[in-house]
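Heads up: the structure comes next, in structure tokens.
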Amino acid sequence: MNDEKSQKTVLVVDDTESNLDMVLAILQDYDVIPCTSGADALSIMKEEPVDLVLLDILMPEMDGYTVCTRLKSDVSTQEIPIIFITAKTDEESIEKAYELGGADYVTKPFKPKELLARVKVQLRLQDVIRELDFLATRDNLTGLYNRRKFFELGEVLFNDAAENLYALMIDIDHFKKINDQYGHSVGDIALKKVTSVISDMVPPDAVFGRLGGEEFAVLFLSENHDTTMEITSKILKTVAEATIPLKDGSSFSCTISIGVACKQDTTSSIDGLLKDADMTLYEAKESGRNKSIFRER
């Protein structure tokens, strides 16, 4: 079985059991979730990760148009492609399907090769879109959010968080010396190693980005000051203990400095919060490096 196909999940929504059986047979290489009502489809979409929806239009209680509208109005599901499947072939029905956000349209009775081909096209298109989105929003060396995406996500987090939003500004200590002594290729390895360690230590919903060179920023919600400083202490210790291998079989390690700030009632913008964290980063570097300092007002 093709591994890529086996990872794709297709939700099929049709109130006729025989149609579901037919689609299951056609899409046997995919993980297919059969469903007989629009309400059940919406419930499943909240619980299961789905890559594509095959959606019948004519169903009792909630038709396919309504289901599509609900899915496209939800941020968590609006990007999932929907292929309408129906016996309706009039232009008005087809036009409405596309207007509501449908990606494609397949008429009954199914032609197996046509249905399979259309499913393949939409799934491949989703892969391309995800790849392009990754390239547009990520730093190509570390895989972290790039500066533009970091501020885009950070702005949302800043506006939504009433309190306990913390910012970390992080800088690799003496990074120029690493590049000068070992070369830029080793410097790149160090960057990837350090950011990988940090990624494993910060909360899973943190916004972590590379702002430029060896400077990084993290935004996350934390229970309190003590919890935040415990996280930074673990990051400092783990980074310092990590080793970067060299071609001759030896290795070296590096350290980082961290400036910490918390959103206050007087913090008017994400720029202001990061500026506070950057000021304490400077203090950490000036007072010996390999430490974290909290910005208190």
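The values are calculated or read from the model by the stated rules, or taken from the named source; none is laboratory data. Keep in mind it's a predicted model, so treat the numbers as computed, not measured. Don't worry about glycine lacking a Cβ; one is built from the backbone with ideal geometry, like all the others, and counts go over all protein chains shown. Calculation scope for accessible area: heavy atoms of the full protein, side chains included, ligands and nucleic acids excluded. Shrake-Rupley method; radii C 1.70, N 1.55, O 1.52, S 1.80 Å.
Numerical summary
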read-out	value
Peptides 197-207, 273-283 ordered by average Cβ neighbours within 10 Å, highest first	273-283, 197-207
Local electrostatic count at Glu48 - Lys and Arg +1, Asp and Glu -1, tallied over other residues with Cβ under 15 Å	-3
Magnitude of the charge dipole, the chain, Cβ model with Lys/Arg +1 and Asp/Glu -1, debye to 20	1220 debye
Surface per residue (accessible, 1.4 Å probe) for the chain, Å²	53 Å²
Heavy atoms of Ser18 accessible to a 1.4 Å probe, total area in Å² rounded to 10	70 Å²
Hits among lysines - C-alpha to C-alpha of Lys113 under 27 Å, sequence gap 8 or more where chains match	Lys5, Lys8, Lys88, Lys96
In Hz, Karplus ³J(HN,Hα) per residue of segment 278-293 (6.51, -1.76, 1.60; θ = phi - 60°; x = Gly, Pro)	5, 5, 6, 4, 4, 4, 5, 6, 6, 9, x, 6, 6, 7, 10, 10
Cα-based equivalent ellipsoid, the chain: semi-axes from gyration tensor eigenvalues, Å	49, 23, 15
Sequence of Lys193, Lys72, Lys46 when ordered by accessible area, the most exposed leading, probe 1.4 angstrom	Lys46, Lys193, Lys72
Karplus 3J(HN,Hα) series, Hz, for segment 179-185 with 6.51 cos²θ - 1.76 cosθ + 1.60 (x for Gly, Pro)	5, 5, 7, 10, x, 5, 5
Highest to lowest packing among 114-122, 81-89, scored as the average C-beta count within 10 Å	81-89, 114-122
Theoretical gain in end-to-end length, Val156 to Thr9 [0.36 nm per residue, Cα-Cα removed]	49.9 nm
By accessible area with a 1.4 Å probe, ligands and nucleic acids excluded, highest first: order of Met229, Met22	Met22, Met229
Among Ala103, Gly212, Thr9 the positive-end extreme of the charge dipole of the chain (Cβ point charges)	Gly212
Evaluated at q = 0.17, 0.19 Å⁻¹: base-10 log I(q)/I(0), Debye formula over Cα of segment 163-281	-0.82, -0.98
Heavy-atom accessible surface of segment 68-135: percent carbon and sulfur, 1.4 Å	56 percent
